[in-house]
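*Asks:* I have a structure I would like to understand better, so I am pasting it below and will then ask my questions one at a time.
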Amino acid sequence: MALQAAIAGLKSQSGSGLGLSMARLFASAAASPSIKVEVMPYKVHRIEAPSNVVETNVEELMGFYKLMYKMRRMEIAADMMYKAKFIRGFCHLYDGQEAVLTGIEAAITLKDSIITSYRDHCQHISRGGSVVSLMAELMGKQEGATKGLGGSMHIYNRKHNFYGGNGIVGAQIPLGAGIALAHKYKGEPNVCITMYGDGAANQGQKYEALNMAGLWNLPVIFVCENNHYGMGTAEWRAAKSPNFYTRGDYIPGIKVDGMDVLAVKNAVAFAKAYSLANGPIVMEMDTYRYHGHSMSDPGSTYRTRDEINAMRTERDPIERVKKLLLNNGVDAAELKKFDKEVKKEVDDAVEQAKQGKIPPLPWLWRNMYVEPLGAGMRGVLPDEYHVPAFDPDYKS
């Protein structure tokens, strides 16, 4: 019943700028024969599990494939640009985890909110941003998603309810509860997807947020992306109980195969319906990152290459959807053609971003002080400080 309620609610919001939403995907279902797929059964805590038989169609699967493949190519390009020193500082890549975000977006609308950690590049794309603006931001250019002021960890899109990457581990979790409170206060039929990793799952502020969300029945879905390594520490070495979906205690939880976009879509639709009617729910997405924790981490000192290769071979989310498409009549040549188009789009975006402009020095104080009063900001080099003049174009 909860899943049917979610679908009905999403259909009622169609036509309101949903982007990659379930409403649009269900609208396409009538144009294509339905495909039923059995996904891995869900594990649950204090709640009845949804069905693990998911309906889809070729159009929806193509949408999933295109979005995930674009995410993958984009992150590979970011890796190359970092190694070529066009991107500096912190940089956390999402390749391997694409099914989590793609499935989430398929089950919600752009009126629902998303907040996440510093691994935030793909959220910018799924929330309607361009590859060019992402690459420009990573390179610190003023044409970037946050004007070159945020960098990799602080991408943000208020227009489409993406409340950013957050650089402090776990800090986004109480913020997500606050966004959900705003939805409830305004009487909006929307939820806040609050994403964090298994490394942040032991943070004290998470449990404070869970408690308040439970007390106030806030429409928040706490999504733990369990990629099994918090930086270089395996989950079982950091958590006494690595069953993160059960750790809301009094709050229901559900564990999902996060490498299967259909399993994610189905579970998040279920969770959204539950959350709007009853309050918070915890979701654990069993997923895997192919890169290291960040670009400074080779990702091979605490796990074997055999483990990584096995995940790529057996559970890759893009290959899973590709296989479904091929088995349901899509020509391999069509997919190959699309792959080439995306590669060109990403390559062109990289070259365009390289031509962008570095933000002027007065922008260093934007969104902090209207008048910096001569204060200095530390630069990259030792003993380097910038004392920017007042920005005459600043609007508070």
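The values are calculated or read from the model by the stated rules, or taken from the named source; none is laboratory data. These figures come from a predicted structure and were not determined experimentally. Here the Cβ is made from the backbone with ideal geometry for all residues, glycine too, and neighbour counts use every protein chain on show. Ligands, DNA and RNA are stripped out before the accessible areas are found, and what is left, the full protein with its side chains, is counted by its heavy atoms. Shrake-Rupley method; radii C 1.70, N 1.55, O 1.52, S 1.80 Å.
*Asks:* Report, for the chain, the % of DSSP beta bridges that are antiparallel, rounded to 5. If you can, show how the numbers build up before the last one.
*Replies:* Details: 12 of 33 bridges.
Percentage antiparallel, nearest 5: 35.
*Asks:* If each of K323 and L361 carries a label point 7 Å out from its Cα toward its Cβ, how far apart are those two points in nm?
*Replies:* The modelled label-to-label distance comes out at 5.8 nm.
*Asks:* Hey, another quick one. Within the range 314-382, report the chymotrypsin sites (Phe, Trp or Tyr not before Pro) that DSSP leaves as loop and that have at most 15 other Cβ atoms within 10 Å. Kindly include the intermediate steps, with their values, before the conclusion.
*Replies:* Numbers: sites: F338, W363, W365, Y369; in loops: Y369.
The qualifying sites are Y369.
*Asks:* Please list L326, L335 in order of solvent-accessible area, largest first, computed with a 1.4 Å probe with all protein chains present.
*Replies:* Most to least solvent-accessible, the answer reads L326, L335.
*Asks:* Between the helical axis of 58-83 and the dominant principal axis of the chain, each derived from Cα atoms, what acute angle in degrees is found, rounded to the nearest 10?
*Replies:* 30 degrees
*Asks:* Oh, and also: Could you sort out which of K147/K322; K43/K272; K322/K344 sit more than 24 Å apart by Cα distance in this structure?
*Replies:* K147/K322
*Asks:* Using only Cα atoms, find the angle between the long axis of helix 172-185 and the longest principal axis of the chain, and express it within 0 to 90 degrees, rounded to the nearest 10.
*Replies:* 70 degrees
*Asks:* With each run of n ≥ 4 DSSP H residues scored as -39500 (n - 2.57), what mean residue ellipticity at 222 nm is computed for the chain after dividing by its residue count and rounding to the nearest 500 deg cm²/dmol?
*Replies:* Working: 13 runs with 163 residues, N = 396.
Taken over the chain, the calculation gives -13000 deg cm²/dmol.
*Asks:* Next question, about the same structure. Quick one: which of K36/K336; K206/K255; K70/K354; K141/K337; K240/K265; K159/K337 span more than 23 angstrom between C-alpha atoms?
*Replies:* K36/K336; K141/K337; K240/K265; K159/K337
*Asks:* Here is a further query. Calculate, in whole percent, how much of the Cα-Cα pair population of the range 169-228 lies beyond 13 Å.
*Replies:* Working: 980 of 1770 pairs.
The proportion of pairs with Cα distances above 13 Å equals 55 percent.
*Asks:* Any idea what Rg and Dmax come out to for the range 212-291 if you just take the C-alpha atoms, in Å?
*Replies:* 13.3, 38
*Asks:* Based on the Cβ-Cβ distance of Y207 and M377, what FRET efficiency does E = 1/(1 + (r/R0)^6) give at R0 = 45 Å, to the nearest 0.05? Please list the in-between numbers first.
*Replies:* On the way: r = 35 Å, r/R0 = 0.79.
Approximately 0.80, to the nearest 0.05.
*Asks:* Let me ask another. Using a simple charge model, +1 on the beta-carbon of Lys and Arg, -1 on the beta-carbon of Asp and Glu, nothing else, what dipole does the chain show about its Cα centre, in debye to the nearest 20? Walk me through the numbers before you get to the answer.
*Replies:* Working: 46 positive and 43 negative charges, 60 e Å.
With Lys and Arg at +1 and Asp and Glu at -1, about 280 debye.
*Asks:* While we're here: At what distance in angstrom do the alpha carbon centres of the range 127-196 and the range 239-313 lie from each other?
*Replies:* So the two Cα centres are separated by 20 Å.
*Asks:* Toward the positive end of the charge dipole of the chain, about the Cα centre and with charges on Cβ (Lys, Arg +1; Asp, Glu -1), which of A375, S126, L262 goes farthest?
*Replies:* Result: A375, furthest along the dipole toward the positive end.
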